[in-house]
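For reference, the structure is listed below as structure tokens.
Where a number appears in this text, it was derived from the coordinates with a stated rule and is not lab data. Only a predicted model underlies this, so the values are computations on that prediction, with no experimental measurement involved. Virtual Cβ from ideal backbone geometry, glycine too; neighbours counted across all protein chains shown.
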Amino acid sequence: MNTFRNPQGIAAPLAAYSHQAEITGPVRWLVISGQIGMTPTGELPDDPVEQLGIALDNVTANLEAAGMRHEDLVKLTFYFAGEVDLQRRRRRMGEWLGDLRPCMTVMTVAALATPALRVEVEALACTEDIPATQRSEQQ
């Protein structure tokens, strides 16, 4: 069971995230390496917000491959190389997150693995220790 909280006595989150996630019960973890904004066919758009959308799609594909759902995400780390339009970035992240409020860290870094990469997203997911297909049948 994943429980997200924003404790009293701490400033409210600045965006769509939670300050903490408590994980209890028999669980299964998934650690997702940094996902970049490259399509399966090797396309890498110049626009960093387009790269962000592709990187988020890649996180989703990793979740699905492990039999997990979007709601199983507990932590996201975003790396942005250089300036990225803040409003467009927040809008794209908000579209993908919906009502989900995982723990989150957002960083601007000098560079990523190659100069063309402008975005990388790491993720950590946790779910009950039963396959997603069985979980959906129980709901």
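In table form, for the structure just shown:
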item: For Gly82, net neighbour charge (Lys/Arg +1, Asp/Glu -1) across residues whose Cβ lies under 13 Å away; result: -3
item: For Val106, distant residues with modelled amide H under 5 Å away; result: Phe78
item: J(HN,Hα) series, the range 2-18, from Karplus relation 6.51 cos²θ - 1.76 cosθ + 1.60, nearest Hz, glycine and proline x; result: 9, 10, 9, 9, 10, x, 5, x, 10, 4, 4, x, 7, 8, 7, 8, 10
item: Between 0 and 90°, nearest 10: helix 48-65 axis offset from the chain longest Cα axis; result: 30 degrees
item: Value of Rg/Rh across the range 1-98 [Cα atoms, Kirkwood radius]; result: 0.99
item: ³J(HN,Hα) computed for each position of the range 100-108 - Karplus, 6.51 cos²θ - 1.76 cosθ + 1.60, integer Hz, glycine/proline x; result: 5, 10, x, 5, 8, 10, 10, 10, 9
item: Angle between the chain longest axis and helix 86-97 axis [Cα atoms, degrees, rounded to 10]; result: 30 degrees
item: Charge dipole magnitude, Cβ of K and R +1, D and E -1 - the range 15-118, Cα centre, debye nearest 20; result: 260 debye
